[in-house]
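Below is one structure, written out as structure tokens, with a few remarks after it.
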Amino acid sequence: MTRLPGGLIDRDRTVTFRFDGRRYLGHPGDTLASALLANNVRLVGRSFKYHRPRGVFSAGSEEPNAMVELRSGARQEPNTRATTIELFEGLTAKSQNRWPALGFDVLGVNDLFSPFFAAGFYYKTFMWPKAFWEKLYEPAIRKAAGLGSLSMEPDPDAYDKGFLHCDLLVIGGGAAGLAAALTAARTGARVILADEDFRLGGRLLAETHTLDDAPATRWLSEVEGELESLPNLRILRRTTVFGAFDHGIYGAVERVADHLPQPDTVRQTLWRITAKRAILATGATERHIPFANNDRPGIMLGGALRAYANRWAVSPAHRVAIFTSTDDGYRTARDLAAKGVQIAGVIDPRPEPRSTGDFPIFPGAVVTNTIGRLGLRHVEIRQGDQTHWLECGALGVSGGWNPNVHLMSHHRGRPVWSDAHLAFLPGAGGPAGLIPAGAANGKGTVHGALQSGAAAAEQAMADLGRDAGLPDLPQADDSPATQTALWHVPGTARAWVDFQNDVTVKDIKLAHQENMTPVEHLKRWTTLGMATDQGKTANVTALAVMSELTGKPIPETGTTIFRPPYTPVSLSVLGGGNTGPEFRPRRLTPTHTWAEARGAVFVEVGQWMRAQYFPQPGETHWRETVDREVLATRAGVGLCDVTTLGKIDVQGADAAEFINRIYCNGFKTLKTGMVRYGLMLREDGMAFDDGTCARMADDQFVVTTTTAQAGAVYRHMEFARQCLWPELDVQLISTTDAWAQLSIAGPKARMLLERVIDAHDTSNEAFPFMSCAPVTVCGGLRARLFRISFSGELAYELAVPARYGAALMARLVDLGKDLGATPYGTEALGVLRIEKGHAAGNELNGQTTAQMLGMGRMVSAKKDSIGAVMSRRAGLVADTRVLVGLQAVDPETPVVAGAHLFETDAAQTTQSDLGWITSACHSPHLGCAIGLGYLTGGADRMGTEIIAANPLEGQSTRVRVVSPHFIDPEGGRLRD
Amino acid sequence: MRIECPICGSRDRREFYYQGAAVAVARPAPDAGAEAWDDYVHLRDNPAGWHDELWHHEAGCGAWVVVTRNLTTHEIRDVQLAQSVKEASA
């Protein structure tokens, strides 16, 4: 390990890590990139398309080259930037996109074939023959070009999401951000300071600037101490604010445990931060200058070279050269020389040297070529008409700084070109309340950053009615770096603009020749800026090169805007832990645990988990179980938890009038203590939902809905109450979760009911079909009793407070042993209702009318109700499709829901389609397959045979058209 | 997005259910004629600008509100209780 003096690393401790299987040592405070450089590893990856050897290029999140597969096993993470990975004990990483080894990569031959991989080559080359794309071209390209690989195992770590609210969000913890946070936090405002680095300070950590004549770290630790002590300020380190969303909402990812060998709690947290104001103090990213073969390992940004020397005490080589079109390059040379690094020379295209130093300066010179395939060895310099080679192991390239305006353009705000800065600055149209400051706003000196950060916070506080006042800020450097525009060094060899996607100046020229000059076309034709780094080090340079080619100034050539996320965000953290059973909320019925103990098989019904059937020992097939449950119910008594059906309590002096307007059928005559079936229409006249409505009192109704539509019906009724008829005295509340409701169905239902009910006359005379009453059960427990039937049998639904649901079910099963009381699930529930011809969700799919359900005459013409007017449209009235029963002619043949209906001798086309089957099952009662369906002219086809066609599986089944009421069509059983 | 519920204050838009244009409150009389009903049920404007729309504060107080929102910028200018809007128009 070779280290320079100084740096912000903990030299007292060492950290062991592995890269491509080899063991290395680093220090706490290192990134993987700085530790690799300290171990003289310059070659870290291969490029995307040409498999060119690549090294570390930057010292931050803009890194295009040094991407590795981090960790192993299920935690393997592809495309992580070595420049942002905090070194931890036992870290393992692998280079990507190379085979068999990083130093010798077979697909390096792609580099020789580079003329074939020029701009737009995907579009041009793989067009023909068409069939080859899927089978040959795409798999081959995917194998050859690409980044890291996935583990293909489930992510073992936990992720979380959280919500934060503040007065001011400060994005970036450099000079500007710290000054802003300090200014705002001292007013007592709630402030959040977020920075992507693991240490606050931003560029101050990478520079040798002094603040009040002391090292910047002294001021940093003072400020950090104060900020840590303030209860109204929260510091989020290792947190990237990746996007600006509407109304002051920012998305941020905190890498809670990425710097630990293994997460102890969550690995990352997704924060949704709601901020009244925000300050964009995201600094700037240095740009490079394309020249021939500028992608060798060892060539990096000048500012990065300086950051590695100052913060991490490493240099990629003992002898380095600087290529700079700005004064910034001289700072790099001075800082490195001060640390004992030999400076081979500062190459400056400007005719006059901008500074002196104890190193050679080549004014009026540019770099025209390089040598050193696996690591830089020489650079070629052209000075006037002379060229010569200069020996160096690293080259720092400085072409000026681009403000990190990204978040300002997340609402399509367009950056504005500044000739004075030779850069795009934040323009108008940014997210409301987001104020740019510091280098992100072109205020790149330390003094400028501190002042503009504090001023931005003062402005933000003033907007919120707080008087901040500027804090005392330390004396700092305020000499701006002068620069000249040098966008690339012309030449015939390839000069890279976008390293990650392997886009060169030549590709831009080709795009220009092919008329792909608008920036949007340039991007897509060349894939420029479309890699995981979003072209942070490439976009502006490419735009400038295009401007040169078109002869138009940069502002007229276009601008480059950015979309979220600022840096890649893992899908795991976006999911925020909502995976597997936590994917969405699960609602459990009151009898869930009881059903589980009885070995029930469950089915998801929306958010609900419902018992589907209750297998018994010896039953080998679900049908066997369901048939038993159905027959037991029809012969004795069955029990089913129907809590999931929606229940809406409607109360008020005008409750009856309200109910009458909500349902299409008449409700005015419904007496207290009675229940009526009700059908709701949508305003367009189509059926919306159905259920029962019980009048519990003169001014109280209980509406039931289908399970699926419980939420939608409640919303709809609230809409009607608030938006249509606010003058009605009526109140609504959903009580679905408050009451457990059990269905007791079958000829022995009354006998069983009488065993739990307290002193209530349940005789047919006293409590006939469609009665309801408040009762008590089991010695005083309040309950509601409804005599309604979905199964067609004598049936009751008994509701008790939800917490008693399981106990009531257990007691009913226990007390009903001698009656054959049998719990049944949703599967048997379905069979029972199909046999009875009752409509359910399948029949109410939003495309059906009351008339199709056979309830056309129910729609009252005497009153105005929702959907009544539109249900009388001529087209709907003329529809002859109606719900019918269908019975397989051959009892062995199944009937399939979704099958379409045709005349027996008709061609099966859309034109001859007569309708479809909505629900189907095996009827144990009839011993054959049956179904319900909508059939054109159904009323006139009773008794005829038609075809149920299922062309997907080549089935054509003969079915007989029958009444949908397969059992007890007169309804004697349920009235018994 | 944030919506200023007149009852609950500023809330995340995910507490709300979006319905559509606020013309839904202006329900025609039963005898208003086919054209009026067709317009009410089916025809909606899609302005590149200000739009009155109905949101339901479903995960909050349950109020239906009329939000005046700019469809190009998502800026919200006004939020009223739908009930008040209906009563004012009556």
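The values are calculated or read from the model by the stated rules, or taken from the named source; none is laboratory data. Note that the structure is predicted; figures quoted are calculated from it, not measured. In this analysis, Cβ positions are derived from the backbone assuming ideal geometry, glycine residues included, and neighbour counts consider all displayed protein chains. Heads up: the accessible areas ignore ligands, DNA and RNA and are worked out on the full protein's heavy atoms, side chains in. Shrake-Rupley method; radii C 1.70, N 1.55, O 1.52, S 1.80 Å.
A few remarks follow.
- Test result for A:A175, in contact (Cβ under 8 Å) with a residue 24 or more places away in the chain, surrounded by 24 or more Cβ atoms within 10 Å (Cβ to Cβ) and touching a Pro at 6+ places or on another chain (Cβ under 9 Å): no
- Whichever residue in the range B:32-68 is in a strand (DSSP E or B) and either at the interface with another protein chain (Cβ under 10 Å from one of its Cβ atoms) or in contact (Cβ under 8 Å) with a residue 60 or more places away in the chain (or both) and, among such residues, is farthest from A:A244 (Cα to Cα): B:W64
- Checked against (1) within 26 Å of A:G535 (Cα to Cα); (2) in contact with a Phe, Trp or Tyr (Cβ under 9 Å, 6 or more places away or on another chain); (3) in a loop (DSSP other than H, G, I, E, B); (4) touching a residue at least 24 places away in the same chain (Cβ under 8 Å), A:P28 passes all but a single condition, namely (1).
- Residues (without any contact (Cβ under 8 Å) to a residue 24 or more places away in the chain, outside any loop (DSSP other than H, G, I, E, B) and open to solvent by less than 60 Å² (accessible area, probe 1.4 Å)) located in the range A:597-624: A:F602, A:M609
- In the range A:803-834, the residue that is farthest from A:L974 (Cα to Cα) out of those that are of a type in the set (S, T, Y) and either open to solvent by 40 Å² or more (accessible area, probe 1.4 Å) or not in a helix (DSSP H, G or I) (or both) is A:Y804.
- Candidates A:F48, A:F19, A:F104 - the one that is modelled with pLDDT under 95, surrounded by fewer than 22 Cβ atoms within 10 Å (Cβ to Cβ) and more than 24 Å from A:A206 (Cα to Cα): A:F104
- Residues of the range A:930-965 that turn out to be open to solvent by 10 Å² or more (accessible area, probe 1.4 Å), hydrophobic (A, V, I, L, M, F, W, C) and not in a helix (DSSP H, G or I), as a count: 3
- Residues located in the range A:185-199, provided they are within 19 Å of A:F242 (Cβ to Cβ) and of a type outside the set (D, E, K, R): A:I192, A:L193, A:A194, A:F198
- In the range A:738-760, the residues that are touching a residue at least 12 places away in the same chain (Cβ under 8 Å) reach residues that are basic (K, R) and open to solvent by 60 Å² or more (accessible area, probe 1.4 Å) with C-beta atoms within less than 9 angstrom, at least six apart or across chains, in these pairs: A:A740/A:R803; A:P747/A:R973; A:R755/A:R811; A:V756/A:R811.
- Looking across A:G846, A:G841, A:G792, A:G830, one residue alone is over 26 Å from A:R634 (Cβ atoms) and either in the same structural domain as A:F614 (by the TED database) or small (G, A, S) (or both). It is A:G846.
- Residue pairs meeting the criteria (Cβ under 6 Å; at least 6 apart or on separate chains; first within 22 Å of A:R676 (Cα to Cα) and more than 8 Å from every other protein chain (Cβ to nearest Cβ), in the range A:703-728; second open to solvent by 40 Å² or more (accessible area, probe 1.4 Å) and of a type in the set (G, A, S)): A:T706/A:G841; A:A708/A:G606; A:A708/A:G841; A:Y714/A:S734
- Test: residue in the range A:415-431 that is surrounded by 24 or more Cβ atoms within 10 Å (Cβ to Cβ), outside the structural domain of A:T370 (by the TED database) and over 37 Å from the mean Cα position of the chain (by Cα): no
- Yes/no for A:L528 being hydrophobic (A, V, I, L, M, F, W, C), surrounded by 18 or more Cβ atoms within 10 Å (Cβ to Cβ) and either within 29 Å of A:D155 (Cβ to Cβ) or touching a Ser or Thr at 6+ places or on another chain (Cβ under 8 Å) (or both): no
- Boolean, A:I273 is open to solvent by 20 Å² or more (accessible area, probe 1.4 Å) and assigned to a strand (DSSP E or B): no
- Unique residue being closer than 30 Å to A:F719 by Cβ, crowded, with 17+ Cβ neighbours inside 10 Å and touching a Ser or Thr at 6+ places or on another chain (Cβ under 7 Å) when the list is A:A740, A:A795, A:A745, A:A783: A:A740
- Residue match in the range A:750-763 (condition: among the basic types (K, R), in a loop (DSSP other than H, G, I, E, B) and at pLDDT 95 or above): yes
- Positions within the range B:75-86 being within 12 Å of another protein chain (Cβ to nearest Cβ) and either open to solvent by 60 Å² or more (accessible area, probe 1.4 Å) or touching a helix residue (DSSP H, G or I) at 6+ places or on another chain (Cβ under 8 Å) (or both), in sequence order: B:E75, B:Q80, B:L81, B:A82, B:Q83, B:V85, B:K86
- When the range A:835-871 is filtered for residues that are open to solvent by less than 20 Å² (accessible area, probe 1.4 Å), hydrophobic (A, V, I, L, M, F, W, C) and within 14 Å of chain B (Cβ to nearest Cβ), the ones remaining, listed by number, are A:I866, A:A868, A:M870.
- Of the residues screened, A:L543 is not one that is outside the structural domain of A:G805 (by the TED database), open to solvent by 60 Å² or more (accessible area, probe 1.4 Å) and either in contact (Cβ under 8 Å) with a residue 12 or more places away in the chain or at negative phi (or both).
- When the test is whether a residue is more than 19 Å from A:H318 (Cα to Cα), part of a loop (DSSP other than H, G, I, E, B) and open to solvent by 40 Å² or more (accessible area, probe 1.4 Å), A:T84 passes it.
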